[in-house]
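What follows draws every value from the coordinates through simple rules; no lab data is involved. Given the structure is predicted, the values throughout are model-derived calculations rather than measurements. Here the Cβ positions follow ideal geometry from the backbone for every residue, glycine too, while neighbour counts run over all protein chains shown.
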């Protein structure tokens, strides 16, 4: 087999952040969150995505059902709520 030349990375118009500040608490990739309007579902936070052209923001998450990761979903950034972890006291970052 012949070697392939690597292609240059193309610029995208989306910026992804793996952390978000919500009500004074830092939510990082892998933390559980709830979404307003989604009854009984938990989601694992993946990233905060921003469209640099329009300024629109949304949250990318994986749906968690019975402890297993499911569908990849996106929501508006103002509709999520933090789920506190048991046995750990989170410090509010101001």
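Some notes on this structure:
- Model label zone, residue 52; criterion: amide N under 12 Å from point 7 Å along Cα-to-beta-carbon; scope the stretch 1-40: 10-16
- In this calculation the C-beta distance from residue 78 to residue 12 is compared with R0 = 25 Å, giving a FRET efficiency of 0.55.
- Gaussian network model of the chain, Cα within-10 Å springs - most flexible of 71, 56, 11: 11
- Sorted by Cβ neighbour density within 10 Å, fewest at the top, the residues 75, 43: 75, 43
- Between residue 2 and residue 62, the FRET efficiency estimated from the beta carbon spacing at R0 = 41 angstrom works out to 0.60.
- Among 83, 59, sorting on how many other beta-carbon atoms sit within 10 Å of each Cβ, with the fewest leading, yields 83, 59.
- Ranked 49, 28, 7, criterion: other C-beta atoms within 10 Å, fewest first: 7, 28, 49
- Here the Gaussian network model covers the chain, with springs between Cα atoms less than 10 Å apart; of 32, 48, 22, 22 fluctuates the most.
- Candidate values (i) -0.22, -1.48; (ii) -0.35, -1.36; (iii) -0.30, -1.42, label of the one derived for log10 I(q)/I(0) by the Debye sum over Cα atoms at q = 0.10, 0.25 Å⁻¹: (ii)
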